[in-house]
Amino acid sequence: MSARAETWLWLAQRGAAIVLAAAVTVHLATIVYAVHLGLSAAAIIGRIAGNRAWLAFYIAFAIAAAIHGGIGLRTVVRETTPWRGASLELATVLFVVFLALAGTRAALALFA
Amino acid sequence: MIPARTTAIDWRTRQHPAWWAALVHRISGVLLALFLPAHFWALALALQGEARLDGFLGWAHRPEIRLGETALVVLLAVHLAGGLRIMALELLDVRAGQKTAIALSAGFGLALGLLYLLEVF
């Protein structure tokens, strides 16, 4: 992969990281809040169901996590194994797309 | 054949806390990325009805699952705090106090983990 493409991957990973910094902070606060109140599935779904703001938040969160995680895994693979080339790039793209779709599906499941 | 470009971590730097911080950031990142598909699958159980999700959450009340969740909270908190330190270094050129920032990142992760443990047990 060209140096130019590597730079774009770095920018995408850090851009996603900025989104995640805010999203993970909210997520950790929500986790502690939810376990503190001992929330049931009904309560968790009730918080998100029909709420477009939470839906947008979780979809953005999932997509950012997919981009950040996929590019990050690629970096770790390149640091620790000899795996390079088109197969690694394809695996990275597939992982990012799979995670983004699975995360969006989960957010829609809780929203609906 | 041209050997693959080496991007491996320099092993001579292991005496510095930043090396360990980099290692923790990579290990936590890999584990969180591999956990995400399972997390999304569990949340999507809501598609099969509230009872299905409640059944899963009931199963997840087991102590060993709670300990695993605690580990995930620690990993997420450590990865967040460590990531903020890296971005401050890369994007804002904040170089001072790296050892302190690394110690605070570790402390933040452990504090969140303990808070979660206190809440679930």
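A few remarks follow.
- Stokes-Einstein diffusion of the range B:72-115 at 20 °C, 1.002 mPa s viscosity, Kirkwood radius from Cα pairs, rounded to a whole number: 205 µm²/s.
- Size of the protein assembly as shown from its Cα atoms: along the principal axes, largest to smallest, the extents are 57, 39, 32 Å.
- The charge dipole of the protein assembly as shown, taken about its Cα centre with unit charges on the Cβ atoms of Lys, Arg (+1), Asp and Glu (-1) only, comes to about 420 debye.
- Sites A:LEU11 and B:HIS16, calculated FRET efficiency, Cβ-Cβ separation with R0 25 Å, nearest 0.05: 0.40
- Cα-based convex hull, the range A:48-100, per residue volume (Å³, whole number): 61 Å³
- Just so you know, the Rg over Rh for chain A is 1.07, from Cα atoms, with Rh as the Kirkwood radius.
- Set against the 2.2 N^0.38 Å expectation for a compact globular protein, chain B has a Cα radius of gyration ratio of 1.36.
- Rounded FRET efficiency, nearest 0.05, which uses the C-beta distance separating B:THR100 from A:VAL76 and R0 of 30 Å: 0.70
- R0 of 25 Å, Cβ-Cβ distance B:ARG52-A:VAL32: FRET efficiency to nearest 0.05: 0.50
- Between B:LEU67 and A:ARG4, the modelled labels are 5.3 nm apart [label points 7 Å from Cα along Cα→Cβ].
- Contact order relative to length of chain B, as percent, for alpha carbon pairs under 8 angstrom and 6 or more apart: 31 percent
- Top positive-direction residue, dipole computed over chain B with Cβ charges, set B:TRP20, B:PHE121, B:ALA103: B:TRP20
- Extending 7 Å from Cα along the Cβ direction at A:ARG52 and again at A:LEU101 yields two label points whose distance is 2.7 nm.
Only the coordinates and a few stated rules stand behind these numbers; no lab work does. All values derive from a computational prediction rather than experimental measurement. For neighbour counting, all protein chains shown are included, and Cβ atoms are generated from backbone atoms with ideal geometry for every residue, glycine included.
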